[in-house]
Every structure is written in C-alpha cells, then in structure tokens.
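J.: Mind looking over this structure? Questions follow.
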Amino acid sequence: KANGYDAKQTNTADNSEQIAAAQGYIRDGVDYLLISAANASGWDNVLKSAKAAGIKVILFDRAIQTDASNYTAALLSDMAYEGTTAVDWVLKQKLDKINLVLIRGQLGSAAEIGRSAAVLKAEKEGKLTIVADGTGGDSWSLEEARKVVEAAIAAKKDFNVIYAENDGMAQGAAQALAAAGISFGKGGKVKIIGFDFNRFALRNVQAGYWDADMQ
C-alpha cells in the first residue's frame, strides 16, 4: 500500500475456484492479475476476458497452456528441466536396474506435467521401470504419498528409487520406508528424490537422509 498498490489474494489449489476468483477480479476491474495456476488447462476464456478488459496478466511459478498473447509476462519455474535433471541424476547412479516409484503431484498441473515427462520418456526408452504410479492428490499431500509407498510395499513391489514430485511427498515416502524398516538415503536400499528444495529438504539431503532434490 505504501507504493500505491491495493492487493487482494485468493489462496486455493482448486482450479475451478481459481478461475471463479479470477473472473471476480476481472469484474472488479483490477489492473493486474497474477496467476499461479493449479491446472495448466482451462484458462483461455478467463485470459481473453482479462485482455479485453485491459488487465495485465502475469503468470508466476506455473505455466498455462494458452497462446502467449493472452498474458503480459511469465516468471516460471522450468519444471521440464527439473524432471530431466532428476532423471539424468538417477541414470548416472549406475544401478543394476532402476525400479522406480513415481509419486505425482496434482494431475494436470504444470509442475506434474513437467516433472513427470522425463520419467515417462525414460521408461518408454527402456532406461527404467515404473513399478508404482500414484499421486499426492490436489494438495500434494504427505499422507497420500505415504499411502502410495505403503501400497507398493504391501504389494511386494521391488523398487530402489522414489521420485516424489515435491518435498512434502518425499517426506511421506521416507516415513513409509522407515515404518517398514527399509533403508533409504545415502548407502540405503532406496534412493529418494524430492522437488522444490525447501529448507528442510536441503537439510535432509545434506544429512544423507535423502539422495537428491531438484529446483
């Protein structure tokens, strides 16, 4: 406010709620609309309405699948690069085989699409095997991620890599392994990869509790 701005915020991971909020801000006649989209699709009508109203749209963190003319600027994380970097790291570990548990984030989000792409491509090329494929749900939930790993353990899946698409879900995966008495991290049976490099994740990697993290 000291700089002449009056900011309003809607905090939700539900794409339809985000779109409804954006439509409300357009009706309010805001000058700028900043969007970190829960889902990469479904935004065209909103963005076109904003453009017609002379509202400048700025995308941040996550991309939206739309023509670039529908927004003014984009300050984004390169999710595909993160995924490629993570898969390259796994391939360089020289494991006899790579049996991987994939824990996706919110399906259809730019983060999930980008971070999953490299793993799916590597499996298609025969470089690794995805033995379990689950999700942390719309909230990228630690608890849901833990259930994915618990289910893989219960089904007696043989795996040596967990690729969890955010740090909270990597933490949930680690909890499931610890509860089952399966070693992980540096020198352990299972390598754990997280994404986002939150401070606790950095400390986990430094301590050898996890093996890698991407940002």
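The values are calculated or read from the model by the stated rules, or taken from the named source; none is laboratory data. Being a predicted model, the structure only gives us computed values, none of them experimental. Cβ coordinates were reconstructed from backbone atoms using ideal geometry, including for glycine residues, and neighbour counts include every protein chain displayed. Surface accessibility is based on the protein's heavy atoms, side chains included, excluding ligands, DNA and RNA. Shrake-Rupley method; radii C 1.70, N 1.55, O 1.52, S 1.80 Å.
J.: What pairs can you find where one residue is in segment 199-215 and touching a residue at least 40 places away in the same chain (Cβ under 8 Å) and among the hydrophobic types (A, V, I, L, M, F, W, C), the other is open to solvent by 20 Å² or more (accessible area, probe 1.4 Å) and not in a helix (DSSP H, G or I), and their Cβ atoms are less than 9 Å apart, with a gap of 6+ or different chains?
T.: That search, which allows pairs on different chains as well, returns TRP210/PHE184; TRP210/LYS186; TRP210/LYS191; ALA212/LYS191; MET214/ASP196; MET214/PHE197.
J.: Those residues that are open to solvent by 40 Å² or more (accessible area, probe 1.4 Å) and either β-branched (Val, Ile, Thr) or over 15 Å from ASN166 (Cα atoms) (or both), I need them from segment 82-107; list them, please.
T.: THR84, THR85, ASP88, TRP89, LEU91, LYS92, GLN93, LYS94, LEU95, ASP96, LYS97
J.: Here's something else I'd like to know. What are the pairs, 6+ residues apart or on separate chains, where a residue within segment 155-169 that is at pLDDT 95 or above has its Cβ under 6 Å from a residue that is buried (at least 21 other Cβ atoms within 10 Å of the Cβ) and not hydrophobic (A, V, I, L, M, F, W, C)?
T.: The qualifying pairs are VAL161/LYS191; ALA164/GLY194; GLU165/ARG104; GLU165/GLY105; GLU165/ARG115; ASN166/GLY105; ASP167/GLY194; MET169/GLY136.
J.: Still on this model: Look through SER41, SER49 and report the one residue that is in contact (Cβ under 8 Å) with a residue 12 or more places away in the chain, of a type outside the set (A, V, I, L, M, F, W, C) and within 30 Å of LYS127 (Cβ to Cβ).
T.: The unique qualifying residue is SER41.
J.: Among the residues of segment 24-61 satisfying the criterion of being within 20 Å of GLY108 (Cβ to Cβ) and open to solvent by 40 Å² or more (accessible area, probe 1.4 Å), which is farthest from the chain's Cα centre (by Cα)?
T.: Of everything passing the filter in segment 24-61, ASN45 is farthest from the chain's Cα centre (by Cα).
J.: Now for a different question. Of all the strands (runs of 3 or more DSSP E) wholly in segment 1-110, which have at least 1 residues that are at pLDDT below 95? Outline the logic, then answer.
T.: Details: elements: 32-35, 56-61, 73-76, 99-104.
By residue number, 56-61, 73-76.
J.: From the list ASP213, ASP158, ASP167, which residue is within 14 Å of LEU100 (Cα to Cα) and in contact with a strand residue (DSSP E or B) (Cβ under 7 Å, 6 or more places away or on another chain)? Lay out the reasoning, then the answer.
T.: On the way: ASP213 fails: within 14 Å of LEU100 (Cα to Cα); ASP167 fails: within 14 Å of LEU100 (Cα to Cα).
Of the residues listed, the single one that is within 14 Å of LEU100 (Cα to Cα) and in contact with a strand residue (DSSP E or B) (Cβ under 7 Å, 6 or more places away or on another chain) is ASP158.
J.: Let me ask something else about it. Where residues in segment 135-155 are within 21 Å of ILE98 (Cα to Cα) and small (Gly, Ala, Ser), which of them is surrounded by the most Cβ atoms within 10 Å (Cβ to Cβ)?
T.: Within segment 135-155, the match that is surrounded by the most Cβ atoms within 10 Å (Cβ to Cβ) is ALA145.
J.: I'd like to verify a number: residues in segment 189-203 that are more than 14 Å from the chain's Cα centre (by Cα) and more than 21 Å from ASP88 (Cβ to Cβ), how many? Before the answer, list the steps.
T.: Let us first name the residues in segment 189-203 that are more than 14 Å from the chain's Cα centre (by Cα), namely 189-192, 199-203.
Those still in the list that are more than 21 Å from ASP88 (Cβ to Cβ) too: 189, 199-200, 203.
Of the residues in segment 189-203, 4 are more than 14 Å from the chain's Cα centre (by Cα) and more than 21 Å from ASP88 (Cβ to Cβ).
J.: So, in segment 128-140, of the ones that are among the polar types (S, T, N, Q) and at pLDDT 95 or above, which residue ends up farthest from the chain's Cα centre (by Cα)?
T.: Within segment 128-140, the match that is farthest from the chain's Cα centre (by Cα) is THR129.
J.: Kindly indicate whether GLU112 is within 20 Å of the chain's Cα centre (by Cα), among the acidic types (Asp, Glu) and surrounded by 21 or more Cβ atoms within 10 Å (Cβ to Cβ).
T.: Details: within 20 Å of the chain's Cα centre (by Cα): yes; among the acidic types (Asp, Glu): yes; surrounded by 21 or more Cβ atoms within 10 Å (Cβ to Cβ): yes.
Taking the combined requirement at face value, the residue satisfies it.
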